[in-house]
1. Taking the 0 to 90 degree range and rounding to the nearest ten, how far is the long axis of helix 78-88 tilted relative to the main principal axis of the chain, both from C-alpha atoms?
2. With an 8 Å Cα cut-off and a minimum separation of 6 or more residues, compute the relative contact order for the chain in percent.
3. Charges only on Cβ, +1 for Lys and Arg, -1 for Asp and Glu: so what's the dipole of the chain about the Cα centre, in debye to the nearest 20?
4. So, with +1 on the Cβ of K and R and -1 on the Cβ of D and E, and no other charges, what is the size of the charge dipole of region 84-159 about its Cα centre, to the nearest 20 debye?
5. How many angstrom lie between the Cα centre of region 220-291 and the Cα centre of region 160-185?
6. In terms of modelled amide H atoms, which long-range or inter-chain residues lie less than 5 Å from the amide H of residue 68?
7. Could you tell me the relative contact order of region 90-151? Use alpha-carbon pairs under 8 Å, at least six residues apart, and round to a whole percent.
8. Would you calculate the separation in nanometres between label points at residue 62 and residue 286, each defined as 7 Å from the Cα along the Cα-to-beta-carbon direction?
Amino acid sequence: MFQLYPWHGGLVGRLVDLAERQSLPAAIALTCAEGWGGEDLLSRCASELLQIKSDLPVDQVAHPDFCWLQPEGAVIKIDAIRRLNQFAVQTPQISVRKVAGIVDAHLMNKNAANALLKILEEPPPNTHIILVTPYWGRLLPTIRSRCQRYELERDRESSVKWLIEQGVAPQAEDLLETNGAPLALLNAQGFDLRQWLDDLEHSHEPSACAAILLKADVVEVLARWSRLLVSRQWQSADRQTLAFIDEVNQVRIALQSSNSANPQLLVERLLAQWQAISASKRSKQKLQAGA
C-alpha cells in the first residue's frame, strides 16, 4: 500500500497518537516537499489510522471506511470531491473512524475546492479528511483556514543514510539539483542531467534531445534543471539565464497543472531557447578571447 521511508515515521506516529487520544482533527493538511514521498506519507497515515494491511496499490484498496482521491491527469475535478462528500456523510462500518485522503490537493480546480469546503465547514463525526501537498500556498485560503497543518521535517541524516543503503552516494551537485530530496535524487540516477545538457549544447538536432527528455519524468527533470541553473548563476548571474530559469519553471507548472498542455511542443521550444542562449554565450566568449 505504501513505501516505508524512515523520515515519515515521526509525523505518522504523531497523528496516530492524536487518534488514540481522540484528538485527531477532522481536516488535516500534510505539507511534504517534492521528492520526500507525499503520496506514500498520506497512504501510510491512512493505513495506520484504519489498521489496513494490504500489498495492493493504494487506489485499489477496498475498505468501506477509506476513500482515496488523486488527480485525473493534472487536475482533481468536482466529481471526485462529490464522491468524497457522499463517503463522508456515511457512518463508519468496520473501523472507529473514516479516513479520506487527497493526493496533491493543490491540483483541485476551483469547483472542486469549493465543493470540499462545504464538507470541511461541517465535518461529520468520526470522519477525517487528510490532504497532502508540496504547495501549501496554492490551496484556497478558505481551505487552509479549515485544516490543521502538519509539515514533514526534511530529515537529511536519515535520507542520506537511506540513499546509501540503496547504493547511491550523493555528490554535492546532485544535492543541489534535487534540493536534497531523497526520492528525486534516487530517480535522478536514471537521467544524467548534466550529461544530457552537454549533449544538448553540442547537438544540431534538439528534437532528438527532446525525445530523450520526454521519456523521463519531465516535470522532475525540469525542477532539477532549474535548481542547477540557479546554483551555477549564484556568483555570476546574467539576465538571459535568469529569464530562462523562469521559462523552465513556467513549463513545469503548465505540465503539472493542465491536462491540455502539449509536452513535446513545450519541451522543444524550451530546448531551442537554451541552445540560442548557449550559442550567444559562446560567441561572447570568443569575442572576449580575441580582444
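Quick note: the coordinates plus some simple rules give every number you see, no bench work behind them. Here the structure is a predicted model, which is why all the values come from computation and not from measurement. Cβ: placed from backbone, ideal geometry, glycine included. Neighbour counts: every protein chain shown.
1. Here the helix axis deviates by roughly 30 degrees.
2. 20
3. About 760 debye.
4. 200
5. That distance is 24 Å.
6. 101
7. 44
8. That separation, rounded to one decimal, is 6.8 nm.
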